[in-house]
Amino acid sequence: MAIITISRGSYSKGKEVAEKVAARLGYECISREVLLDASDRFNIPEVRLIRAIHDAPSILDRFSHGKQAFMAYIRYALACRAQKDNLVYHGLAGHVLLLGIPHVLKVRVIANLEDRVKSEMSREKISEEEARSLILRDDQERRKWTRSLYGLDPWDSALYDLVLHIHKLTVDDAVAFICEAAKLKQFESTPETRRKMDDLVTACEVKALLADEYMDVRVACEFGNVLIYTKSGGRLQHKLQESARKLGREIKGIHHVEVHPGVPTPAQAV
Amino acid sequence: MEQLTPEMILVMAMIGVAVFLFIVEWVRVDVVAILMMVALPLLHLVTPKEAFIGLSSNAVVSIIAVIIIGAGLDRTGIINKMVKPIVRIAGNSPSRIVIAISFTVAIISSFMQNIGAAALFLPAIQRVSKSLRIPISRLLMPIGFSAILGGTVTLVGSSPLILLNDLIAPFNLKPFGLFDVTPIGLGLVISGIACFVLFGKFILPKGPDAASDQQGQEDGSSPLEEIGEAYELKTPDDFTHYRDPVRIDDLRRRYLVNVVAIVEPPDFKIVNPPPDMELRSGMDLAVYGVERDVKRMAEQEGMFLKDSLQVFQNEVAEGTSGAVEAVVAPRSPLVGKTLRQIDLQDRFRVTPLAIYRHGEIYRAEIGDLALGVGDAILLHGTWKRLKALQGEKSLLFTTPIDVDLMRPEKAVFAGFWLATALIMIMIFKIQLSVCLMTGALGMVITKVLTIDEAYQSVDWRTIFLLAGLIPLGIATEKTGTAAWIAHAVLNTIGTVNPMVLLSIIGLLSTVFTLVVSNVGATVLLVPLVVNMAIAANADPRMAALVVGLATNNSFILPTHQVNALYMGPGRYRSVDFMKAGAVVSVVFLAVLIGIISLVYGI
């Protein structure tokens, strides 16, 4: 009864670990499915979502804020999947997207650089030089992505409950560790953690439905009370209040909605 | 035309700096004024003596005296007593009530600071609104506008007019008498009230009943009252078994329900318990909340909701405690602070329930909201503690608390000294500041208010705003900057009819007052328009008078203190002020120019 997120670099055997963990615990194992859900729900071509989740935001994105909206869709899709519990997610940024949920076991799987270079060489049939630069560039890109969107460094081990280095440890060893950890009491879902999960889903849904039209809104939800934070009043505030009220009536599980302009946003807001 | 000297350029630069700082508000307006007071002598634009002459000016002393007299009248509570007979005379018709109260406010405002008169009437207006079921939004704006307009009825009614005689003194113009402006002022007040009586339906926001239809049932017609419903609950005997402790603050965050009193078993009653207090088994709770939320809480937390108040009949009943609406006063030290920083709960043991701002109600996480002028806070507490909070004077209570600080028995003295001051001005023609100070001193001596109360009532921000901007006016005049700008403007627009010139001056003053405050606009514009009028062969006194009056014409934006104060309680939005303010502003200018041409025959 847990949610396991596995953060990984390319060629780090993370996918293999995830699949084996899911198989052993009988959990669902997802990654791309989240994008498909989001693409279905919000009618956005999957390609655009992939681009959003892969490339770091460019200067242009800062103006169009398309990426923010896409990330809100993806986050909502993931939160919906996670709400069902018993899940292994090995897509990008699971640890940040499910922030604040207590029964999430956050794992990072890393591998020896030399091993990764070798895997890449054999799969892509390229020289060692090329493979190395490709991998390093990929790492850099992902790092930039999380930094620019969430201000977090994926290589910061403090973000995870477990960091496993696949080199001396084999994939099966890693799977054993993770399964063992997942059985711990801390990662059991309780009414309290499920409530937090429901709140996160609600917050993500509100954010996803607002993100398209309003830039820089952050949404927090606690016990079904939704607070929407915006930078300042401005001319959109009245409209935002109207939309918020409408959402409050439409989305199930919302008891109360308020828009708070110019208030420092709490960390748990999505 | 004169040559542009380096001094003139420097003065213009300083005016530019002042206007810029007024607009961006990096520092408060009175600090800008003090900056001018210090910078001008340092730049050798005025002598050190001139720099501080504002502090001893007729205008500043008059303002101090007017504030003290106002505070004295306030202490006696005569004003609140005046409302009852007025309402009785007016009957039940909303228009007649608007006319009656507006006119009274205008008259009082003509001898007091506008904001003081407006604040005094706020509680009374709310009571009238409640008892006669007239939407508060129909009453407050007309009355607020009348308080501002009333400032034009006498020469001591508003800061710009008090300043006027000081500003025209360097030009050797004949000073204005106390009632010289009265015909114009009364005309303005009458036309302002007429605007609302005739066009009120179109320019005032629709009553809350109409708005609630759009918002659906959830946001009922008067949410503050809806929140102020008290319920009583009891926790079961096994409340704390097998669960994390539940604190009072948790209930507020989960269900938006405020616990205002508890009984710890066996019978230890606590009114307004601290938020970090844990709930225990067999506890009685009195809460304020929306029925829906209270029921949800009772169900989910397994509490028993009682049909009526039982244990807390005395504690939550009107006699000892209650929920009151308090408005953040202009220039209150609370502006810009959050409720969490102010910590009313700890300091006064009162519980904030909700905040009302710009037509929106806030119930969740209100501790994080930074307060602004005119925000209405719904507070629950015992009368004793609320009274202590009222004594702080940072909040205006719209529900009157039985206040023993009042000295109604001194009403006769207060009236006597006000009359004495007025007689001295009118009959003996003694200088304004001396007469008013006599009245203020008389009130202190006859113990209408103590000297300390008199000192405390003086608002230093107003004093320094006035005193600091006066040297800027002196510098513009002394260096010839005003004359230079006036000539430059007249050269560009060519010769104009005096009436057109006065209209332009009126319009210019209106725009300036919205941007740089009424005092700033007056100080900057009076030297300018006097020079313009002299050059254009118009009456310079009238030009100055138009500035002094038109700088009260700030209705379009809620920047005037009175408008800012009434915005929250009236549930107005900025749009509402633009709509009504635009009409009143245009009428104001037309009436002003019309009466000046009729009375003074230009």
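Nothing in this text is a laboratory measurement; each read-out follows from the coordinates by a stated rule. As the structure is a computational prediction, the values presented were derived from the model and not from experiment. Methodologically, a virtual Cβ is constructed for each residue, glycine included, from the backbone with ideal geometry; neighbour enumeration extends over all protein chains shown.
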Exercise. What whole-number value in cubic angstrom gives the convex hull volume per residue for the C-alpha atoms of chain A?
Worked result: 130 Å³
Exercise. Rounded to the nearest whole Å³, what is the per residue volume of the convex hull around the Cα atoms of segment A:191-261?
Worked result: 71 Å³
For this session: Take segment A:152-201, compute every pairwise Cα distance, and split them into 10 Å bins from 0; I just need the percent in each bin.
Result: 21, 33, 36, 10, 0
For this session: List the pair-distance distribution P(r) of segment B:100-181, using every Cα-Cα distance, as the percent of pairs falling in each 5 Å bin from 0 up to the bin containing the longest distance, rounded to whole percents.
Result: 3, 17, 23, 18, 13, 10, 7, 5, 3, 2, 1
Problem set entry | Rh (Kirkwood; distinct C-alpha pairs) - segment B:354-512, Å | 21.6 Å
For this session: May I ask for the percentage of alpha-carbon pairs in segment B:223-305 that lie more than 15 Å from each other?
Result: 52 percent
Problem set entry | Within chain B, longest stretch free of exposed GluC sites (Glu not before Pro) [DSSP loop, at most 16 other beta carbons within 10 Å] | B:393-602
Exercise. Hey, what number do you get for chain A at 222 nm if only DSSP H runs of n ≥ 4 count, each worth -39500 (n - 2.57), divided across all residues, to the nearest 500?
Worked result: -16500 deg cm²/dmol
Exercise. Which angle between 0 and 90 degrees, to the nearest 10, do you get for helix B:136-150 versus the longest principal axis of chain B when only C-alpha atoms count?
Worked result: 30 degrees
For this session: Largest first and to the nearest Å, give the Cα extent of segment A:71-219 along each principal axis.
Result: 48, 40, 24
Exercise. Pairing the Cα long axis of helix B:159-168 with the longest principal axis of chain B, what angle in degrees results, from 0 to 90 and rounded to the nearest 10?
Worked result: 20 degrees
Problem set entry | Euclidean distance of C-alpha centroids, segment B:503-580 and segment A:157-213, integer Å | 62 Å
Exercise. For segment A:68-118, what class follows from the C-alpha gyration tensor (a ≥ b ≥ c being the square roots of its eigenvalues): rounded when a/c is under 1.5, otherwise prolate if a/b is larger than b/c, else oblate?
Worked result: prolate
For this session: Give me the Debye-computed log₁₀ of I(q)/I(0) at q = 0.11, 0.14, 0.15, 0.21 Å⁻¹ for segment B:441-509, equal point scatterers on Cα only, no solvent, two decimals.
Result: -0.56, -0.69, -0.72, -0.97
For this session: Can you tell me the 0 to 90 degree angle between the C-alpha axis of helix B:58-76 and the longest principal axis of chain B, rounded to 10?
Result: 30 degrees
Problem set entry | Whole-Hz ³J(HN,Hα) from phi, Karplus 6.51 cos²θ - 1.76 cosθ + 1.60, for segment A:162-175, glycine and proline x | 8, 10, 10, 9, 7, 7, 6, 6, 8, 4, 5, 4, 4, 4
For this session: Report the calculated FRET efficiency for B:LEU35 and A:GLU46 (r = Cβ-Cβ distance, R0 = 60 Å), to the nearest 0.05.
Result: 0.50
Problem set entry | Reciprocal mean inverse distance between Cα atoms of segment B:1-103 - Kirkwood radius, Å | 18.2 Å
Problem set entry | CD proxy at 222 nm, helix term only [per DSSP H run n ≥ 4: -39500 (n - 2.57); per residue of chain B; nearest 500] | -18500 deg cm²/dmol
Seminar exercise, completed: Square roots of five times the C-alpha gyration tensor eigenvalues of segment B:321-397, ordered largest first and given in whole Å, equal 17, 14, 12
For this session: Let me have the relative contact order for segment A:191-261, percent, based on Cα pairs under 8 Å that are six or more residues apart.
Result: 30 percent
Seminar exercise, completed: Kirkwood calc, the protein assembly as shown, C-alpha pairs only, radius in angstrom 31.5 Å
Exercise. Hey, what did chain B get for relative contact order, percent, Cα under 8 Å, at least 6 apart?
Worked result: 21 percent
Exercise. For segment A:241-267 and segment B:257-276, what is the separation of their Cα centres, given in Å?
Worked result: 30 Å
Exercise. Just going by the charge dipole of chain A, with Lys and Arg at +1 and Asp and Glu at -1 on Cβ, which of A:GLY224, A:PHE42, A:ALA181 is farthest out on the positive end?
Worked result: A:GLY224
Problem set entry | Tail fraction, Cα-Cα pairs, chain B, threshold 46 Å, whole percent | 23 percent
